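Presented below is the structure to which this report refers.
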Amino acid sequence: ADDYVTKPFSAVELAARVRAALRRSQSYPIDGTFCCGEMVIDFARQRVTVAGKEVELTATEYRLVTYLARNGGRVLTPDQILEKVWGEAYVGEVNLLQVNMARLRRKLGDDPRNPRFILTRSGIGYLMATEE
């Protein structure tokens with residue numbers, strides 16, 4: 001247990017705490033790599049390389065690219081990404097996501113008109129390409 005609720009409490013508060021606990025319990029392996037064409041994400045070293053050259057990312061950009069990679073091939077809505085990368089308070093801040101996504105794509109050398117790594121599903125969300 002990593003949380004407790006004191007009496008009296010509301011059902012809304014209890015549900016929010018359960019969601020938070022479930023979110024915290026979702027663990028991803030911290031080792032291994034994700035490859036997509038020339039891009040390699042080394043989770044153990046927290047390092048992203050494209051064509052063998054390391055890409056300098058901020059902590060937020062790294063969380064963004066790894067969240068997409070860990071859900072590779074799966075379309076994620078902007079709200080899902082915002083909640084997981086920035087937190088619940090940022091849900092609905094689509095412009096924040098768009099600006100950061102553009103900056104991340106630029107750093108990865110991903111052409112927005114013909115993306116290789118991060119794909120956009122118009123009106124739905126984003127997904128990380130996977131090698132089939």
Some residue of segment 7-14 being out of contact with any Cys (no Cβ under 8 Å at 6 or more places or on another chain) and surrounded by 12 or more Cβ atoms within 10 Å (Cβ to Cβ): no
Residues satisfying the stated conditions in segment 74-89, i.e. open to solvent by less than 40 Å² (accessible area, probe 1.4 Å) and either in contact with a helix residue (DSSP H, G or I) (Cβ under 9 Å, 6 or more places away or on another chain) or closer than 22 Å to Ser122 by Cα (or both): Leu76, Pro78, Ile81, Leu82, Val85
Filter result for Val55 (without any contact (Cβ under 8 Å) to a residue 60 or more places away in the chain and either of a type in the set (Phe, Trp, Tyr) or open to solvent by less than 50 Å² (accessible area, probe 1.4 Å) (or both)): yes
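Here is a yes/no grid of residues against (1) without any contact (Cβ under 8 Å) to a residue 24 or more places away in the chain; (2) more than 26 Å from Arg19 (Cα to Cα); (3) touching a helix residue (DSSP H, G or I) at 6+ places or on another chain (Cβ under 6 Å):
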site: Gly72; (1), (2), (3): no, no, no
site: Val91; (1), (2), (3): yes, no, yes
site: Val94; (1), (2), (3): yes, no, yes
site: Arg106; (1), (2), (3): yes, yes, no
site: Asp110; (1), (2), (3): yes, yes, no
site: Arg116; (1), (2), (3): no, yes, no
site: Gly123; (1), (2), (3): yes, yes, no
site: Leu127; (1), (2), (3): no, no, no
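The values are calculated or read from the model by the stated rules, or taken from the named source; none is laboratory data. Source: prediction; values computed, not measured. Here the Cβ is made from the backbone with ideal geometry for all residues, glycine too, and neighbour counts use every protein chain on show. Keep in mind that these areas ignore ligands, DNA and RNA; they rest on the heavy atoms of the full protein, side chains included. Shrake-Rupley method; radii C 1.70, N 1.55, O 1.52, S 1.80 Å.
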